[in-house]
Amino acid sequence: MLYFLTGTTASGKSAIAHKIAIEKNIPILSLDSMAVYKGLDILTAKPTEVMRTEVLYYGLDIAETDQNFSVVDYLNYLIDKNIPKLSFEQDILVVGGTGLYYKSIIDSFEFRPTDPAIRAELDQLNYEQLLKFHELHEIELPNTELNKRRLIRNIEDNILEQSKYIFPPINVNEETVGIFWNNPKYKENIKLRTIEMINQGLVSEINNIKNPSKTILQAIGMNIDKDIEENINIKTMKLAKKQITWFKKESRLKMIESDDESIIYESMMELINE
């Protein structure tokens, strides 16, 4: 069964998850859209090499930094690792704060693969030509604000309609799938973590990334050439607020507002031991 421990960034959930994973002898699946990238060990606060010898981790270091890694890529990775089937055979602790990844797993996300050849051809067309393509092939325009990217995706969806598939069923608790830890000290924790990351060599790690993808460039810490500590803190706190707002809507997660790690630990153990 999959058990989700989500929460604001820098809440402390990763440390608790690792402790539980050791005690229960179960693997951890990362639910972090940046931890999938190789070379972002400090920026994403990945588990150390020692921690990885103690616990089996999924979802880490699976993409190069020049790759635009999407939620579909993540789901394909889970399928490749047989996670849906494993969820019916053993317990797996899913840890992280990427809401889209969580939603896609829980709701059996329906997706269509992208054909590189089709994408390459469509990329050569301008906005007007893409509209004309819709007209000629009688493809209904999407009911949203139009731009080149949406038009291309709409054509791909139409062309690849027959090859769509749904993420396989997973084994989760019918009522409560996990916890969202809303740590009231997240701002203080973020500031402390930023200082620690900088002291560990964050600037060098960022500078060593060559030809970063568009997805990587969205990572907090990238594209900052001055006042790095202050800017990381501001952006990370904004992310934490968004996570709280987003996950509050998830009725299948039990939201716990506390700075007491033992409460989170005991609540997760209680859920797993049911």
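What the table below lists for this structure:
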{"read-out": "Rounded to the nearest 10 Å², the accessible area of residue 229 at probe 1.4 Å", "value": "80 Å²"}
{"read-out": "Table column - 3J(HN,Hα) (Hz), region 143-158, Karplus curve with 6.51, -1.76, 1.60, x for Gly and Pro", "value": "8, 7, 4, 8, 8, 4, 4, 5, 5, 4, 5, 5, 5, 4, 4, 5"}
{"read-out": "Degrees, to the nearest 10: 261-273 long Cα axis against longest axis of the chain", "value": "70 degrees"}
{"read-out": "Calculated Rg and Dmax of region 1-146 using C-alpha coordinates, Å", "value": "19.1, 61"}
{"read-out": "Per residue accessible area in Å² of the chain, where ligands, DNA and RNA are left out and the probe is 1.4 Å", "value": "54 Å²"}
{"read-out": "Förster radius 22 Å - calculated FRET efficiency between residue 273 and residue 54 (Cβ-Cβ, nearest 0.05)", "value": "0.60"}
{"read-out": "Accessible area, probe 1.4 Å, largest first, for residues 109, 167", "value": "109, 167"}
{"read-out": "Under-5 Å amide H pairs with residue 8, H placed in peptide plane, nonlocal only", "value": "181, 183"}
{"read-out": "Rg ratio (alpha-carbon, reference 2.2 N^0.38 Å) - region 69-168", "value": "1.32"}
{"read-out": "Helix-only CD estimate at 222 nm, as mean residue ellipticity for the chain, using -39500 (n - 2.57) per DSSP H run (n ≥ 4)", "value": "-13500 deg cm²/dmol"}
{"read-out": "HN-Hα J in Hz across region 177-192 - Karplus 6.51, -1.76, 1.60, θ = phi - 60°, x for Gly and Pro", "value": "8, x, 10, 10, 8, 9, 7, x, 9, 4, 5, 5, 5, 4, 4, 5"}
{"read-out": "Label corresponding to Cα Rg over 2.2 N^0.38 Å when calculated from the structure given, among [x] 1.09; [y] 1.17; [z] 0.96", "value": "[x]"}
{"read-out": "Rounded to whole Hz, the Karplus (6.51, -1.76, 1.60) HN-Hα couplings of region 32-43, x for glycine and proline", "value": "10, 6, 9, 5, 5, 8, 6, x, 10, 5, 6, 4"}
{"read-out": "Residue pairs, from the table 46/185; 226/254; 38/241; 187/214, whose Cα atoms sit over 29 Å apart", "value": "226/254"}
{"read-out": "Built amide H within the under 5 Å cut-off of residue 213, gap 5+", "value": "66, 67"}
{"read-out": "Charge context of residue 185, other residues only, Cβ under 14 angstrom, K/R +1, D/E -1", "value": "-1"}
{"read-out": "Distance cut-off 12 Å, percentage of C-alpha pairs in region 167-227 lying past it", "value": "79 percent"}
{"read-out": "Residue 58 long-range amide H proximity, modeled H, under 5 Å", "value": "28, 29, 30"}
{"read-out": "For residue 46, solvent-accessible area (1.4 Å; no DNA, RNA or ligand), Å²", "value": "20 Å²"}
{"read-out": "Order of exposure, largest accessible area first, which applies to 181, 246 with probe 1.4 Å", "value": "246, 181"}
{"read-out": "Around residue 169: net Lys/Arg minus Asp/Glu count, Cβ-Cβ under 14 Å", "value": "-3"}
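The values are calculated or read from the model by the stated rules, or taken from the named source; none is laboratory data. In this text the structure is predicted, and so the values were computed from the model without any measurement. Cβ sites come from the backbone with ideal geometry, for glycine too, and all protein chains shown count toward neighbours. Only protein heavy atoms, including side chains, enter the accessible area calculation; ligands, DNA and RNA are left aside. Shrake-Rupley method; radii C 1.70, N 1.55, O 1.52, S 1.80 Å.
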